[in-house]
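Notes for the one structure printed next.
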Amino acid sequence: MTEVSFYEYSKLSSDEKSALLRRSETDISGFIEKVGPILEAVRTEGDRAVARFGRELDKADVTESSIQVTEAEFDAASKLVEDDVIEAIKFGISNIRTFHDEQKPEAMWLKEIRPGAFAGDRFTPIQSVALYVPRGKGSFPSVTMMTSVPAVVAGVPNLAIVTPPAPDGSVDAATLVAARLAGVNTVYKVGGAQAVAAVAYGTETIKPALKIVGPGSPWVVAAKRLLSGVIDTGLPAGPSEAMIFADDTVHGGLAALDLLIEAEHGPDSSAYLVTHSRRVAEEAIAALPEHWGRMTEQRVGFSKTVLTGKCGGVVLTSSIEESYAFVNAYAPEHLEILSTDAFAHLGHITEAAEILLGPHTPVSIGNFCLGPNAVLPTSRWARTYGPLSVTDFVKRSSIGYVTAPAYPEFAAHAHKLALYEGFSSHANAVSDVRDAYLKTKG
């Protein structure tokens, strides 16, 4: 019997409680030391370094001439993917597009702040964005869908996907199908830290981008941190994490089923079941072996590593209030509220990037096809960041317009504040000096 990590929350010391909040990427200093030379090599050598690291790190058959996916490769991919998978991708893209169409801000708004004075916002798309689609522990056309659709909805004119190649130098076929269906036609065979460097600096083949979005390994996270002064690295999305909140109205076996969803992503994932019901906790632990029996060997290995380690397991609290407190302290990437009355708990949860309500809304549906974006902040960044959205692909400009009749009142107040703060030029610009110019026709 595998010993799943089990914690009685009220009996833990403050240090032990703090330890539960740690993720696998909390300390990536070791990766940062290794990533530095990779970034410098890509900066100075371009395609040659990208291809070399593809061969050395990804063990992939990549050459300088094969970095970009060709039209022929796109065409071939559609023949390699089963029709039912393509239908599932289309279903997901349709829902994701509907959701993000509703989310898109109006191009410009202006409000009359005072008679004759207007202020507002204008939104315009970022000119170039790179979309990172991981592959290390699987293939993720869903990430392609979640990153590409809002970018296309936002109107970004220059989009490119970067994704690690397979050993034969190919890109996952379903990823290419999803890219084309979403409206992205540029894909580069490069992953890891070298991908972040390539889109930050540009190479002979890869055009530099202003921003990169998408989840990635600690290598990717480390590269983003080092290159944050060169390229906008977007919301912090690292290894997967989930929390299953369950009250005493559900069976623990269901909680265990959903606990494994994100735990199977990889050994660096984080996954907790939190409940104040000992029955639910015991049922969940008892059900895990049966659920593992229906999973592939690799995913069983990943999830066992997570649930028996320091970044996963079952947390038994002494009350529903203590469960709320732990969820909010953890600020999970994915949160399921398993309850027959999930909405009753929703108002008590303030710190979670994604909240899925009720027994019919598992993370699987959220990840693939419900519509809200599943690229989410990790490592407690849900306290200040939200999910990837259309607004991540646009920039906001403030708009102001003061008419001649409204000007004197605003100028008087601005003049007083400028003098108080000691800015003489600010004051002059709203003084009788300006009045004289305004009376003179140019």
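A few remarks follow.
- Checking each residue in segment 203-230 for being more than 11 Å from residue 50 (Cβ to Cβ), more than 16 Å from the chain's Cα centre (by Cα), in contact (Cβ under 8 Å) with a residue 40 or more places away in the chain and assigned to a loop (DSSP other than H, G, I, E, B) picks out 207, 208, 209, 210, 227.
- Count of segment 405-414 residues which are touching a residue at least 24 places away in the same chain (Cβ under 8 Å) and open to solvent by 80 Å² or more (accessible area, probe 1.4 Å): 2
- Applying the criterion of being touching a residue at least 60 places away in the same chain (Cβ under 8 Å) and of a type in the set (Ser, Thr, Tyr) to the residues of segment 1-40, the residue that is nearest to residue 381 (Cα to Cα) is 26.
- Among residues of segment 41-60, those that are touching a residue at least 40 places away in the same chain (Cβ under 8 Å), open to solvent by 80 Å² or more (accessible area, probe 1.4 Å) and in a helix (DSSP H, G or I), counted: 1
- Any hit, segment 392-403, residues being on the phi < 0 side of the Ramachandran plot, assigned to a helix (DSSP H, G or I) and either more than 25 Å from the chain's Cα centre (by Cα) or surrounded by fewer than 19 Cβ atoms within 10 Å (Cβ to Cβ) (or both): no
- Verdict on residue 34 being open to solvent by 40 Å² or more (accessible area, probe 1.4 Å), of a type in the set (Lys, Arg) and either part of a strand (DSSP E or B) or touching a Phe, Trp or Tyr at 6+ places or on another chain (Cβ under 6 Å) (or both): no
Here's the yes/no breakdown for (1) surrounded by 14 or more Cβ atoms within 10 Å (Cβ to Cβ); (2) closer than 24 Å to residue 301 by Cα; (3) not β-branched (Val, Ile, Thr):
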position: 4; (1), (2), (3): yes, yes, no
position: 9; (1), (2), (3): yes, no, yes
position: 13; (1), (2), (3): no, no, yes
position: 16; (1), (2), (3): no, no, yes
position: 19; (1), (2), (3): no, yes, yes
position: 22; (1), (2), (3): yes, yes, yes
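- Test: residue in segment 416-424 that is under 30 Å from residue 160 (Cα atoms) and open to solvent by less than 70 Å² (accessible area, probe 1.4 Å): no
- Criterion (without any contact (Cβ under 8 Å) to a residue 12 or more places away in the chain and either among the hydrophobic types (A, V, I, L, M, F, W, C) or in contact with a helix residue (DSSP H, G or I) (Cβ under 8 Å, 6 or more places away or on another chain) (or both)) met by exactly one of 388, 417: 417
- Residues being open to solvent by less than 20 Å² (accessible area, probe 1.4 Å) and either under 16 Å from residue 69 (Cβ atoms) or part of a strand (DSSP E or B) (or both) - total across segment 155-167: 7
- Pairs with Cβ under 8 Å, 6+ apart, first in segment 424-442 and more than 13 Å from residue 411 (Cβ to Cβ), second not β-branched (Val, Ile, Thr): 424/418
- Count - residues of segment 198-213 that are open to solvent by less than 20 Å² (accessible area, probe 1.4 Å) and charged (D, E, K, R): 1
- Count of residues meeting criterion [within 24 Å of residue 140 (Cβ to Cβ), touching a residue at least 12 places away in the same chain (Cβ under 8 Å), out of contact with any strand residue (DSSP E or B) (no Cβ under 9 Å at 6 or more places or on another chain) and open to solvent by less than 70 Å² (accessible area, probe 1.4 Å)] in segment 61-115: 14
- Checked against (1) part of a strand (DSSP E or B); (2) surrounded by fewer than 21 Cβ atoms within 10 Å (Cβ to Cβ), residue 244 passes all but condition (2).
- Test set (1) in a helix (DSSP H, G or I); (2) surrounded by 20 or more Cβ atoms within 10 Å (Cβ to Cβ) - residue 152 fails condition number: (2)
- For segment 177-186, the tally of residues that are within 20 Å of residue 88 (Cβ to Cβ) and open to solvent by 10 Å² or more (accessible area, probe 1.4 Å) stands at 4.
- Selected residue (criterion: farthest from the chain's Cα centre (by Cα)) from residues of segment 260-277 that are farther than 19 Å from residue 376 by Cα and of a type in the set (Val, Ile, Thr): 275
- For segment 145-158, the criterion of being within 25 Å of residue 172 (Cα to Cα), in contact with a strand residue (DSSP E or B) (Cβ under 6 Å, 6 or more places away or on another chain) and hydrophobic (A, V, I, L, M, F, W, C) is satisfied by at least one residue.
- Residue match in segment 187-197 (condition: open to solvent by 30 Å² or more (accessible area, probe 1.4 Å) and either in a loop (DSSP other than H, G, I, E, B) or hydrophobic (A, V, I, L, M, F, W, C) (or both)): no
The values are calculated or read from the model by the stated rules, or taken from the named source; none is laboratory data. Everything quoted here is computed from the prediction, not taken from an experiment. Note that each Cβ is placed from the backbone with ideal geometry, even for glycine, and that neighbours are counted across all protein chains shown. What goes into the accessible areas is simple: the full protein's heavy atoms, side chains included, and nothing from ligands, DNA or RNA. Shrake-Rupley method; radii C 1.70, N 1.55, O 1.52, S 1.80 Å.
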